[in-house]
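Any read-out appearing in this document is the output of simple, stated calculations on the displayed coordinates, not a laboratory observation. If you're wondering where the values come from, they're calculated on a predicted model, not measured in any experiment. Here Cβ is always computed from backbone atoms with ideal geometry, including for glycine, and neighbour counts include all displayed protein chains.
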Amino acid sequence: MMMKKIRVIRIALSVAVLLVTAMLVWQGHNETLAHYQLTLNLSSMVLGVLITWLIVTLLVGRVYCSSVCPVGTLQDIAAWLDKRLRHGGKGHYHFVFSNNRIRYITLLLVAVAMTADQRYTGHVARLLDPSQLFSDCLGVHGSFTAPLFGFLGAGIALVILLGILWIAYRGEGRSFCNTICPVGTVLGFLSRASLYHFDIDTDLCTGCNQCVQECKAQCINPNDHTIDLSCCVMCVNCAASCPNRAIKFTNTRKRLSTPLMQPTP
Ligand code: SF4
Ligand code: SF4
Ligand code: SF4
């Protein structure tokens, strides 16, 4: 019951933040976003905000991705529509191994693009920055700011955002977040070692797979009862759906009772 309440609060918070962010962008107050959002645009990034989110991620995982990022919340809305319209309201996800090669190559390319000629590659890199992508798509005052392309840049940003939402709607959950998004990759580095995280108590788990089907990050491995913390976006879906309260928010890691069933490192 407690986890279900936390999940409702988390969803309400994420929708409220999305609406506030949309309103700020619409009214041209893009600079205000820097006071709570992460962006690849380091010149507009507030150092205190960056450090705060890095510490929060180290402590409790990718809360930023579940509650603050507008592109994350939009993907959740697309995934919710998919669940309602195409799956009769039932969870339908399955575990997918994270593709770290694509994650790290993308992050490297974006880092190179950002440090190269800002007149060209920097503006290309911003198309993969969720904060700037959202602003470029929605704003009307100084928001069509992709200076390289002007309105064309805004159009490209919109196409990319719609593509991301289409992936979520087609049942791939947070694939963009856990494969392409450079911000997600950086946060994933930290969250894999987060102090508090969700963990499966194998003594209570009956293997019903309910949590796996509800995990939009597709990061719960039902074979070894582990959660890939680098991909987990702290949405609370798994804990709220578990009929046996086998998923805990904890600072410990439960190991399988039978040593032979331990996953290989
Ligand atoms: S991974 Fe990127 S797009 Fe996804 S929620 Fe996190 S910051 Fe936003
Ligand atoms: S929902 Fe709970 S009982 Fe079912 S597989 Fe997941 S952890 Fe185990
Ligand atoms: S493991 Fe649980 S909290 Fe993490 S993304 Fe999956 S459902 Fe959400």
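What to note about this one:
- The overall shape of region 2-190 is rounded: from the C-alpha gyration tensor, with semi-axes ordered a ≥ b ≥ c, the ratio a/c is less than 1.5.
- Cys with no candidate disulfide partner in the chain (beta-carbon separation under 4.7 Å rule): CYS65, CYS69, CYS137, CYS177, CYS181, CYS205, CYS208, CYS215, CYS232, CYS235, CYS242
- Extension gain for PHE189-LEU13 works out to 60.9 nm (0.36 nm per residue, less the C-alpha to C-alpha distance).
- Dividing the mean sequence gap of close Cα pairs (under 8 Å, 6+ apart) by how many residues the chain holds gives a relative contact order of 26 percent.
- At least 15 Å along the helix axis (C-alpha) and Kyte average at least 0.5, DSSP helices within the chain: 2-26, 47-60, 100-115, 151-167
- The sum of -39500 (n - 2.57) across all DSSP H runs of n ≥ 4, divided by the residue count of the chain, sets its helix-only mean residue ellipticity at 222 nm to -15500 deg cm²/dmol.
- Full extension of the chain segment joining ILE6 with ARG170 gains 56.4 nm, where the gain is 0.36 nm per residue of separation less the Cα-Cα distance.
- Two-site FRET efficiency, MET45 against TRP80, from Cβ-Cβ distance with R₀ of 41 Å, rounded to 0.05: 0.85
- Per-residue Cβ neighbour rank within 10 angstrom, fewest leading, LYS90, LYS4, LYS216: LYS90, LYS4, LYS216
- Placing R0 at 45 angstrom, the Cβ-Cβ distance between LEU59 and LEU162 gives a FRET efficiency of 0.85 after rounding to 0.05.
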